[in-house]
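Below is one structure, written out as structure tokens, with a few remarks after it.
The values are calculated or read from the model by the stated rules, or taken from the named source; none is laboratory data. Because the structure is a prediction, the values reported are computed rather than measured. FYI the Cβ positions are ideal-geometry reconstructions off the backbone, even for glycines, and counts take in every protein chain you see. We work out accessible area using only protein heavy atoms, side chains counted, and drop any ligands, DNA or RNA first. Shrake-Rupley method; radii C 1.70, N 1.55, O 1.52, S 1.80 Å.
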Amino acid sequence: MEFTVITGASSGIGYEAALAFSAKGKNLILVARRMDKLEELKEKILFEDNTLNIVLKSSDLSDRGQVYELYEDLKSYNIETWINNAGLGDSGLIINEDLLKIESMLRVNIDAVTILSTLFAKEYADKENTQLINVSSAMGYILALGNTIYSATKYYVSVYTEGLAKELQGHRLKAKVLAPAITETEFIAKANNLDSFDYSTGVKQYHTAKEMAQFLIKLYESDHIVGIVNEKNEFVLNDGIHPILQGL
Ligand code: NAP
């Protein structure tokens, strides 16, 4: 039995991605800290299709020990696709940043993504029909002032994943980047320490998390490396954006 792993499945893009992959008949391993939200999601998925196998894992990905434990814990499963979606932002000028929140962002957005991707790539590089999809951001391709540190974490995710995708040529595993622009989730409220945020009045254009999950499915079903929302708010697929210097 094969599984799709989705981190950050308790809300937003990860939650809708779980529904979209389950609608395609995929067994899922769903990861987040809020188990109550994951339980609710599992119930919803099984209501639609009770033949699926849905495994829930509680993990705080800002804790390096828990990141390694999570991977170890999942070693007994046969994984087809691993989606590193969990992430957080923090809005504000660098001189005003809350360093504790920044540390947590670096650990989730960079450390956990690197550790989980690298372990998965080492183990699955030559396994047929496998994919690793890392969720970056349009801000991983354009420096967003006022969100500089978040933008830098997503540059990291994009460069790491595009580089891995190129290094894996000749292997079976495909590495891909999803780069959403503004998407209606809990993200902006949390990044700005607000109780809630109204996307319909607060931003000019955005996608719903359901739409973003369908873009993720398009990327998954394609042979392309990057799926990005461009400046016209359109989702486009391509084979890499960051310039490459051939090393080694
Ligand atoms: P969201 O609704 O806030 O969801 C974030 C998810 O990440 C939640 O499921 C959360 O689960 C999980 N997460 C956060 N910290 C975690 C931790 N320490 N350990 C484990 N899980 C953790 O935001 P979203 O918009 O769906 O974000 C998903 C991805 O899209 C992120 O990587 C984000 O950077 C990226 N993105 C979002 C936008 C946007 O406008 N929304 C745009 C571009 C890129 P728990 O809190 O339950 O742990």
Exercise. Filter the trypsin sites (Lys or Arg not before Pro) in the range 151-230 down to the DSSP loop ones having no more than 16 other Cβ atoms within 10 Å, then list what survives.
Key: ARG172, LYS204
Exercise. Write down the radius of gyration of the range 64-119 and its Dmax, each obtained from C-alpha positions, in Å.
Key: 13.9, 45
Quiz prompt | Semi-axis lengths (Å, descending) of the ellipsoid that matches the C-alpha gyration tensor of the range 86-190 | solution = 28, 13, 12
Exercise. Mind listing the long-range amide H neighbours of LEU56? Cut-off is under 5 Å, sequence gap 5 or more, other chains count too, H placed in the peptide plane at 1.01 Å from N.
Key: LEU30
Quiz prompt | Probe 1.4 Å, accessible area per residue of the range 200-248, Å² | solution = 67 Å²
Self-check item: Equivalent ellipsoid semi-axes - Cα gyration tensor, the range 1-101, angstrom
Solution: 27, 16, 11
Exercise. Step through the residues of the range 177-184 one at a time and calculate ³J(HN,Hα) from phi using the Karplus curve (6.51 cos²θ - 1.76 cosθ + 1.60, θ = phi - 60°), rounding each to whole Hz and writing x for Gly and Pro.
Key: 10, 9, 10, x, 9, 4, 10, 6
Quiz prompt | Residues of type lysines that LYS232 reaches as a straight line, Cα spacing below 27 Å, ignoring anything fewer than 8 places off in the same chain | solution = LYS154, LYS176, LYS190, LYS204, LYS210, LYS218
Quiz item: What's the longest bit of the chain with no exposed GluC sites (Glu not before Pro), using DSSP loop states and at most 10 other Cβ atoms within 10 Å as the test?
Solution: 1-127
Practice problem: Report the chymotrypsin sites (Phe, Trp or Tyr not before Pro) located in the range 1-103 that are in a DSSP loop and have at most 15 other Cβ atoms inside 10 Å of their Cβ, or state none. | Solution: TYR77
Quiz item: What FRET efficiency would be calculated for the residue pair ILE142, ASN50, taking the C-beta separation as r and a Förster radius of 35 Å, to the nearest 0.05?
Solution: 0.20
Self-check item: Ratio of Rg to Rh over the range 168-248 (Cα coordinates, Kirkwood Rh, two decimals)
Solution: 1.08
Quiz item: Can you give the Kirkwood hydrodynamic radius for the chain, in Å, rounded to one decimal and based on Cα pairs?
Solution: 18.2 Å
Exercise. For the range 51-63, take each phi angle, set θ = phi - 60°, evaluate the Karplus expression 6.51 cos²θ - 1.76 cosθ + 1.60, and give the result in whole Hz per residue in order, putting x for glycine and proline.
Key: 8, 7, 9, 10, 10, 10, 10, 8, 8, 9, 6, 8, 10
Quiz prompt | Segment ASP223-LEU245, extension gain: residue separation times 0.36 nm, minus the distance between their alpha carbons | solution = 5.7 nm
Exercise. Looking at the chain, send over the antiparallel percent of its DSSP beta bridges, to the nearest 5.
Key: 10 percent
Quiz prompt | Heavy-atom accessible surface of the chain: percent carbon and sulfur, 1.4 Å | solution = 51 percent
Quiz item: For the range 230-246, what does the Karplus curve 6.51 cos²θ - 1.76 cosθ + 1.60, with θ = phi - 60°, yield as ³J(HN,Hα) per residue in whole Hz, taken in order and with x for Gly and Pro?
Solution: 8, 5, 8, 6, 9, 8, 10, 10, 8, 9, x, 10, 5, x, 10, 10, 5
Self-check item: For the range 115-185: accessible area per residue (Å², 1.4 Å)
Solution: 41 Å²
Quiz item: By per-residue mean of other Cβ atoms within 10 Å, what is the highest-first order of 138-146, 106-114?
Solution: 106-114, 138-146
Quiz item: Where in the range 1-37 are there trypsin sites (Lys or Arg not before Pro) that are in a DSSP coil and have at most 13 other Cβ atoms within 10 angstrom of their Cβ?
Solution: LYS24, ARG34
